[in-house]
Amino acid sequence: MSTAQTKEPKTKRGLPPPISITDAAAKRINEIVAKATKPVLGVRVGVSNKGCSGKSYMVEYAEEMRKFEDMVEHNGAKVFIDPKAVMYLLGSELDYKESKMESGFVFTNPNEKGRCGCGESFSV
């Protein structure tokens, strides 16, 4: 009887990735990259200082890999992580949700201490 070992994803530095990506998020990333009007490698995620709770998630096209960025790949979708955001995103999951009323990327972040009423910003 053999035991199959599953490999945990690793970053280029051999560390576990700061975030995980769901199948739904990977599918959506691949769709939007394919429809981009200019060449892009994937999406970049980060955290900006805004919103009533202090921090807000950011998702944008990534045209290149920047210095000190981590890159996580799942099902062909590449997510580049802004190095200034890693400490806020460690252990997070990037998902994509779609309903009749809204659709978008959703972060499940164990570091969050609170969210504003509208859900657009968070505190750590």
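The values are calculated or read from the model by the stated rules, or taken from the named source; none is laboratory data. Everything numeric in this text was worked out from a predicted model, so none of it was measured. Cβ coordinates were reconstructed from backbone atoms using ideal geometry, including for glycine residues, and neighbour counts include every protein chain displayed.
Restricted to region 67-105, and to residues that are touching a Leu at 6+ places or on another chain (Cβ under 7 Å) and β-branched (Val, Ile, Thr), which residue is modelled with the lowest pLDDT? Don't jump to the end; show me each part of the working.
At the first step, the residues of region 67-105 found to be touching a Leu at 6+ places or on another chain (Cβ under 7 Å) are 78-79, 81, 105.
Imposing the further condition that a residue be β-branched (Val, Ile, Thr) reduces the set to 79, 81.
Working: Val79: 97, Ile81: 94.
Restricting to residues being touching a Leu at 6+ places or on another chain (Cβ under 7 Å) and β-branched (Val, Ile, Thr), the top hit is Ile81.
Looking at region 2-36 only, could you name the residues that are surrounded by fewer than 17 Cβ atoms within 10 Å (Cβ to Cβ), hydroxyl-bearing (Ser, Thr, Tyr) and either under 20 Å from Tyr88 (Cβ atoms) or modelled with pLDDT of 95 or more (or both)?
Matches in region 2-36: Thr11 only.
Given the conditions (1) in contact with a His (Cβ under 9 Å, 6 or more places away or on another chain); (2) assigned to a helix (DSSP H, G or I), and given that Ser20 satisfies all but one, which numbered condition is not satisfied?
That leaves (2) as the condition not met.
Would region 106-118 turn up any residue that is at pLDDT below 90, surrounded by fewer than 13 Cβ atoms within 10 Å (Cβ to Cβ), small (Gly, Ala, Ser) and touching a strand residue (DSSP E or B) at 6+ places or on another chain (Cβ under 6 Å)?
Yes, region 106-118 contains a residue that is at pLDDT below 90, surrounded by fewer than 13 Cβ atoms within 10 Å (Cβ to Cβ), small (Gly, Ala, Ser) and touching a strand residue (DSSP E or B) at 6+ places or on another chain (Cβ under 6 Å).
List pairs: first in region 71-84 and among the charged types (D, E, K, R), second part of a strand (DSSP E or B) and surrounded by 20 or more Cβ atoms within 10 Å (Cβ to Cβ), Cβ under 6 Å, 6+ apart or cross-chain?
Going by the 6 Å Cβ cut-off, the qualifying pairs are Lys78/Gly42.
Quick one: count up the residues across region 27-57 that are over 19 Å from His74 (Cβ atoms) and under 12 Å from the mean Cα position of the chain (by Cα).
1
Looking only at region 50-75, filter to residues that are among the acidic types (Asp, Glu) and assigned to a strand (DSSP E or B); which one of those is farthest from Val106 (Cα to Cα)?
So the first thing to find is which residues in region 50-75 are among the acidic types (Asp, Glu), and the list is 60, 63-64, 69-70, 73.
Right, trim to assigned to a strand (DSSP E or B) and you get 60, 70, 73.
Values: Glu60: 14, Asp70: 19, Glu73: 17 Å.
Across region 50-75, the extreme among qualifying residues is Asp70.
Going by the structure shown, is Val47 over 19 Å from Pro16 (Cβ atoms) and in a strand (DSSP E or B)? Step through it out loud before you land on a result.
Details: over 19 Å from Pro16 (Cβ atoms): yes; in a strand (DSSP E or B): yes.
Yes: the conditions hold for Val47.
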